[in-house]
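Since the structure comes first, as structure tokens, the remarks are kept for the end.
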Amino acid sequence: MIIAVDFDGTIVEHRYPAIGKEIPFAIRTLKQLQAEGHLLILWSVRMGRLLDEAVAWCRERDLEFYAVNKDYAEEKALEEGNRHFSRKIKADVFIDDRNVGGLPDWGAIYQMITEKTSAQEYYSGVAPELLSEKKKPWWKF
């Protein structure tokens with residue numbers, strides 16, 4: 001599975017442009033997913049020096065990515081002059097703190113990926129009270 005992972009607010013706390021403290025178990029979980037054969041793409045708004053710092057921060061913790069802000073390592077980045085480069089990453093799963101409902105803890109993320117369950121399936125099994133009863137859609141009055 002190809003997994004795109006955000007950096008700020010997902011792997012580390014938001015301190016942009018600085019690098020915040022690691023979110024508990026982020027690196028450990030990502031390394032475990034890699035060990036199980038998943039390909040990780042670092043998918044971040046960071047560019048240039050700030051992106052290099054984020055990659056170096058991960059590398060210091062023995063986390064290497066399959067690609068960084070690209071679909072695959074050999075793809076030429078937009079700043080390298082490729083006018084057809086798209087920031088839309090092709091991945092099976094996106095891990096980002098901007099998800100609807102926010103970022104689950106890394107244990108939940110690992111379980112959802114390895115068990116191939118949706119967030120709704122995961123939370124309905126863990127804490128059904130977190131899911132609302134069927135309601136009228138907000139656009140119908």
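Where a number appears in this text, it was derived from the coordinates with a stated rule and is not lab data. This is a predicted model, so every value here is computed, not measured. As a convention, Cβ positions derive from the backbone with ideal geometry for all residues, glycine included, and neighbour counts pool all protein chains shown.
Below are the figures for this structure:
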quantity	calculated
Burial order of peptide ranges 4-12, 34-42, 55-63 (average beta-carbon count within 10 Å, highest first)	4-12, 34-42, 55-63
Total formal charge among the other residues, if their Cβ is under 15 angstrom from that of ARG15, Lys/Arg +1 and Asp/Glu -1	-4
